[in-house]
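Down below is the structure, laid out as structure tokens.
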Amino acid sequence: MDLTRISIEEQTRRLHRETTFRLVSDLPWKTTWKGEITPFDRDYTISITLYHSHRINLKNGIIVNPPRNPRVIVEHPDLKLTVQDSLDAHFYFNRENPRLSPLCLYHPVEGLQWSDDMPMSETLVPWIIQHLGAYEIWQDTGTWNLPEKHPDGSKDSEETEKDEKKEKSKDTKKTIIPKNHSLFYTASRIAIVEILFQYEQSQTT
Amino acid sequence: MTANTTDELLSDISARIQLPPSMHNVAVERYGTVAKYLERENSPLKDKVIEIYTQGSIAIGATIKSMNDKDDDLYDIDLIAEIDPSVGNTPDDFLDALYRSIKGERGSRYYDCTERQTRCVTIQYKDMHVDITPMIRVSHEHQTIARAGKISHADPQKLQEQDFVENNSAGLSAHINESMPDVQAFSKRYAVLTEQYDHRFLEKRAEIQPAPEQEDLASKSVTTVALQLIKRYMQIAWSAPDRKDFRKPPTVVLSLLAAENALGNGSLADEVIHLSKRIAETFDSNQPLTVCNPTYPKDILTDRWPEQDRLVEDQKMLSDDLYALARDIELISQLSLKDKKDILTKLFGEKLTERAYENFYERNNLNTKQDTRAVVPKTGAIALVGITKPSNSNEVTPPKKTSWGGFDED
């Protein structure tokens, strides 16, 4: 896999060539693509939004947004998700509008995460297909058929448990996962903005 | 094209109701044994049976499992026994002679499992009902048309109404077999599925020998499989308590109409929809419909259906049922697995659908926690193993990751 960042143009070109996803908006701070996923026979309209690292200069400071995980939303149909559904079927539950609950495609700390050196057509899109396929099977059987892990540590898949045992046996440093990792990231962003603001202040004085 | 989920599930359902190849083999052996038994020394039909051959569903490869409460594997096999006309004069004479010849004496092999019906004699095996219909060939026409003849209709309680009925089921079977479209791509893959089910069947029935490879079994037409699904749907529909007084439409009529209206594009779902609509249209009439055997027009296939006092109502019921089947199959082609399952359960039965899903998941490795499952980004589909269509060359296996969860804080 190429380790250099893949440009938005290149991502769009590959998505167009290899998937059903098409560019719908490209702004300095985010880019959105939409496409159709049909894991079995039911069609799902999906949006992928990529948030870019950017800074906004204000009169008394600078807001810096670090890059964030791509946000993948099922635009249609309405899955009518409940909190429990989201936990079992791996969505980040949006309390205000459950329709906008993004898919939790990968663990935010452990294992592989998406990064902008990866072509979305070969990673994100296949993961979305797998995820929605697993969602339909979960609706039928009540079982999630992909390796899984939950923020509270419940329902870890056997594979993940095996990996953990391996890690322990090697006596390697254990990763501490905060219970609410999203809050952790929000706090990080505020800290970065604060540090940058202080840096800018010191440069001007 | 990617394998289609609805086609895959319909294939799994149909494979579960097929006469397994090894059971076909058993049926052939059994009717060979019956033929020899009829030739025994003290048999009333010794040297009087000219030929025994299959007719009806087994002759066109469209046999399906019977409906029964225990969901046992039970099949109906139909045979014609051509008998020397010198055996008797009345329809009852021939049925009676066949009945006595098979039943034999107390303690003999078929004594406790032989029953006489109005048109045939039935041997009840634990896994099979073999109906043997006596036929005689007497007229000039019978001599000029291969295997044309007349069969007996004689209810022992109403012998005053007994009569002969013209028949050429062998000609009809040949006509149907010739009319079924030959979609090799479907048939070859379907044969693999049938073989898998046969292995499972043999695991349950250790006493049965595996069937030798048979070319005719390995080339089942997509139209025949669709016909079997329609027959299963009708078994379910006619098992409803409010229909217990109604006579089911003769499956031979459905078989003929299926063969003559075949679509044959290779999609099982399309075939079921198409045939259901065509057969429904045929019976969507205010006039009683008569369907004849095209190889022998004196053989009236609708001679016992509909019931004389209900005529058009029975036709209308069949027509409405088949329009509904077509609508449901059209609908499920766009539904999620769960919603699809609810409808398939209603159409074909709960156990059958449940087992078909299990097999579908197993075949496609969808029942295990694995993230090395291939997908087709170009169509947005999971790459299925594909019984009904070839696997897709645009498949991609994405890198492994782990599903996570939590709340959306953005």
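Values computed for the structure shown
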| quantity | calculated |
| --- | --- |
| Filter result for B:Val28 (without any contact (Cβ under 8 Å) to a residue 60 or more places away in the chain and either crowded, with 21+ Cβ neighbours inside 10 Å or touching a helix residue (DSSP H, G or I) at 6+ places or on another chain (Cβ under 7 Å) (or both)) | no |
| Residue match in the stretch B:56-64 (condition: of a type outside the set (Val, Ile, Thr), in a loop (DSSP other than H, G, I, E, B), open to solvent by less than 10 Å² (accessible area, probe 1.4 Å) and in contact (Cβ under 8 Å) with a residue 24 or more places away in the chain) | yes |
| So B:Leu322, is it in contact with a Ser or Thr (Cβ under 6 Å, 6 or more places away or on another chain) and assigned by TED's automatic domain parsing to the domain that holds B:Ser285 | yes |
| Strands (runs of 3 or more DSSP E) fully within the stretch A:1-112 counting 2 or more residues that are within 28 Å of B:Ser333 (Cβ to Cβ) and within 11 Å of chain B (Cβ to nearest Cβ) | A:30-37, A:44-51 |
| The stretch B:153-163 - residue that is surrounded by fewer than 19 Cβ atoms within 10 Å (Cβ to Cβ) and out of contact with any His (no Cβ under 7 Å at 6 or more places or on another chain) and, of those, nearest to B:Ile136 (Cα to Cα) | B:His153 |
| Which listed residue, of B:Asp321, B:Asp270, B:Asp303, B:Asp309, is surrounded by 15 or more Cβ atoms within 10 Å (Cβ to Cβ) and farther than 24 Å from B:Arg189 by Cβ | B:Asp321 |
| Sole exception among (1) at pLDDT 95 or above; (2) surrounded by fewer than 18 Cβ atoms within 10 Å (Cβ to Cβ); (3) under 25 Å from B:Val253 (Cβ atoms) for B:His129, by number | (1) |
| The stretch B:219-259, residues that are open to solvent by less than 20 Å² (accessible area, probe 1.4 Å), of a type outside the set (A, V, I, L, M, F, W, C) and over 12 Å from the mean Cα position of the chain (by Cα) | B:Ser221, B:Pro249 |
| Matching option when the condition is among the basic types (Lys, Arg), open to solvent by 70 Å² or more (accessible area, probe 1.4 Å) and at pLDDT below 95, among A:Arg17, A:Arg55 | A:Arg55 |
| Of all residues making up the stretch A:13-70, the number that are in contact with a helix residue (DSSP H, G or I) (Cβ under 8 Å, 6 or more places away or on another chain), over 30 Å from B:Leu10 (Cα atoms) and of a type in the set (Val, Ile, Thr) | 5 |
| Test for B:Leu9: is it buried (at least 16 other Cβ atoms within 10 Å of the Cβ) and either within 15 Å of B:Val121 (Cα to Cα) or more than 14 Å from every other protein chain (Cβ to nearest Cβ) (or both) | no |
| Index of the failed condition, B:Phe348 passing every other in (1) within 22 Å of the chain's Cα centre (by Cα); (2) open to solvent by 50 Å² or more (accessible area, probe 1.4 Å); (3) more than 14 Å from chain A (Cβ to nearest Cβ) | (2) |
| Output for the stretch B:65-77, where each listed residue is part of a strand (DSSP E or B) and either open to solvent by 50 Å² or more (accessible area, probe 1.4 Å) or modelled with pLDDT of 95 or more (or both) | B:Asp76 |
| Close pairs (6 angstrom Cβ cut-off, 6 or more residues apart or separate chains): facing chain A (nearest Cβ under 7 Å) and over 13 Å from A:Trp127 (Cα atoms) in the stretch B:365-381, of a type in the set (A, V, I, L, M) and not in a strand (DSSP E or B) anywhere | B:Leu366/A:Ile137 |
| So B:Lys150, is it at negative phi and either open to solvent by less than 10 Å² (accessible area, probe 1.4 Å) or not in a strand (DSSP E or B) (or both) | no |
| Residue satisfying all of: in the stretch A:113-144; part of a helix (DSSP H, G or I), of a type in the set (S, T, N, Q) and over 19 Å from A:Trp33 (Cα atoms); farthest from the other protein chains (Cβ to nearest Cβ) among these | A:Thr141 |
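Per-residue answers, yes or no, for (1) buried (at least 20 other Cβ atoms within 10 Å of the Cβ); (2) modelled with pLDDT under 90:
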| position | (1), (2) |
| --- | --- |
| A:Asp85 | no, no |
| A:Ser121 | yes, no |
| A:Gln139 | no, no |
| A:Glu148 | yes, yes |
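The values are calculated or read from the model by the stated rules, or taken from the named source; none is laboratory data. Since we're looking at a predicted model, the values are computed, not measured. Methodologically, a virtual Cβ is constructed for each residue, glycine included, from the backbone with ideal geometry; neighbour enumeration extends over all protein chains shown. We work out accessible area using only protein heavy atoms, side chains counted, and drop any ligands, DNA or RNA first. Shrake-Rupley method; radii C 1.70, N 1.55, O 1.52, S 1.80 Å.
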